[in-house]
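Every number in this text was worked out from the coordinates using simple rules, so none of it is lab data. None of these values were measured; they are calculated from a predicted model. Virtual Cβ from ideal backbone geometry, glycine too; neighbours counted across all protein chains shown.
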Amino acid sequence: MVNKVAQVTFAFWVMKICATTLGETAGDLLSMTLNVGYAWSSAILISLFLISLIAQVRSPKFHPVLYWTVILTTSTAGTTMSDFMDRTLELGYAKGSLILVTCLVIILGVWRFSEGTLSVSNIRTTKAELFYWITILFSNTLGTALGDFLSDDSKLGFLGGAALIGGLLAAITIAAYTTRINRVLLFWLAFVLTRPFGATFGDLLTKPTEKGGLNFGTIGSSLVLASVLIILVAFTSSKSARALPSQEAA
């Protein structure tokens with residue numbers, strides 16, 4: 001069984017941020033703009049996540065379109081799941097974030113104990129792949145709660161929250177090139193932080209100016225982000241297709 005997940009490159013991080021930002025704007029589009037509500041939106045988006053996940057797990061090889069579809073559905077589902085916990089259940093952003101951090105640590109611990117590694121460079125078993133996607137779902141849900149906490153409760157605002165998370169991501173990038181800190185640890189720190197970055201950046205794009213946003217709206221922002229993501233996925237798909245004959249020849 002070949003590695004079923006995307007290679008971690010610069011393009012990967014650009015697409016991850018784009019997908020998580022789109023997850024925020026698309027989730028808000030469904031739950032708030034279309035007034036579906038957090039509970040029903042969560043049910044719909046979790047169903048889409050499960051459908052795409054089943055297709056991904058059953059696929060015998062890596063398909064960029066399928067992989068990024070699952071990433072996107074975890075982001076949109078994570079947005080509405082977090083909002084349902086924090087707003088409908090009235091747990092609040094801080095308590096919701098703490099619960100999700102605890103769940104994420106437990107999942108990573110079970111994965112590490114079961115598989116012996118948390119590396120994503122060699123996901124070749126169904127069990128490892130399921131751990132991978134469950135971790136991503138919870139990390140994206142946590143990212144939404146943490147992003148909302150930074151934007152609202154911390155009084156940083158959308159721009160301040162995005163700047164703070166962007167600075168932390170820059171620090172992780174520097175650490176990856178200049179220190180011997182475990183690369184798996186740095187990967188998962190960056191992976192988790194790209195979600196609140198997407199959440200705060202998505203809110204910055206969509207919220208009205210009187211609330212500190214740019215007032216592009218959920219529809220316009222989602223269309224632009226979807227277009228960028230489609231272009232990047234098409235590019236990586238074409239690149240993968242060109243590389244396949246040389247790999248088979250080798």
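What the table below lists for this structure:
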quantity	calculated
With Cα atoms, 0 to 90° folded angle of helix 157-178 axis to the chain main axis	30 degrees
Fewest-first ranking of Thr209, Thr194, Thr144, Thr69, using other Cβ atoms within 10 Å as the exposure measure	Thr209, Thr69, Thr194, Thr144
Nearest-ten-degree value, helix 126-148 long axis tilted from longest Cα axis of the chain	20 degrees
Unit charges at the beta carbon, dipole of the stretch 10-244: most positive-side option, Ile174, Asn140, Gly220	Ile174
Computed [θ] at 222 nm, deg cm²/dmol, the chain (DSSP H ≥ 4; -39,500 (n - 2.57); rounded to nearest 500)	-26000 deg cm²/dmol
Set Lys127/Lys239; Lys16/Lys95; Lys95/Lys207; Lys61/Lys127; Lys16/Lys239 screened for pairs whose C-alpha atoms are more than 21 Å apart	Lys127/Lys239; Lys16/Lys95; Lys95/Lys207
Crossing angle, helix 183-206 versus the chain [Cα axis fit, 0-90 degrees, rounded to tens]	40 degrees
Ranked Trp133, Trp68, criterion: other C-beta atoms within 10 Å, fewest first	Trp133, Trp68
Full-stretch length increase - Val224, Ile54 - with 0.36 nm per residue and alpha-carbon distance subtracted	58.4 nm
Relative contact order of the stretch 10-244, pairs being alpha-carbon contacts under 8 Å that are 6 or more residues apart, as %	28 percent
Radius ratio Rg over Rh of the stretch 110-150, counting only Cα atoms, Kirkwood formula for Rh	1.10
Relative counts (whole %) of C-alpha pair distances in the chain, using bins that are 10 Å wide	8, 31, 38, 19, 4, 0
J(HN,Hα) series, the stretch 109-124, from Karplus relation 6.51 cos²θ - 1.76 cosθ + 1.60, nearest Hz, glycine and proline x	x, 5, 4, 4, 5, 6, 9, x, 7, 10, 5, 9, 8, 8, 7, 10
Residues Ser238, Ser31, sorted so that the one with the fewest Cβ neighbours within 10 Å comes first	Ser238, Ser31
Within a Gaussian network of the chain (alpha carbon springs, distance under 10 Å), most fluctuating of Phe149, Phe235, Phe158	Phe235
Radius of gyration, Dmax [the stretch 127-227; alpha carbons; angstrom]	15.1, 47
Cα-centred dipole magnitude for the stretch 10-244, charges only on beta-carbon of K, R (+1) and D, E (-1), debye, nearest 20	940 debye
Calculated SAXS-style log₁₀ I(q)/I(0) at q = 0.15 Å⁻¹ - the stretch 1-90, Debye, Cα scatterers	-0.59
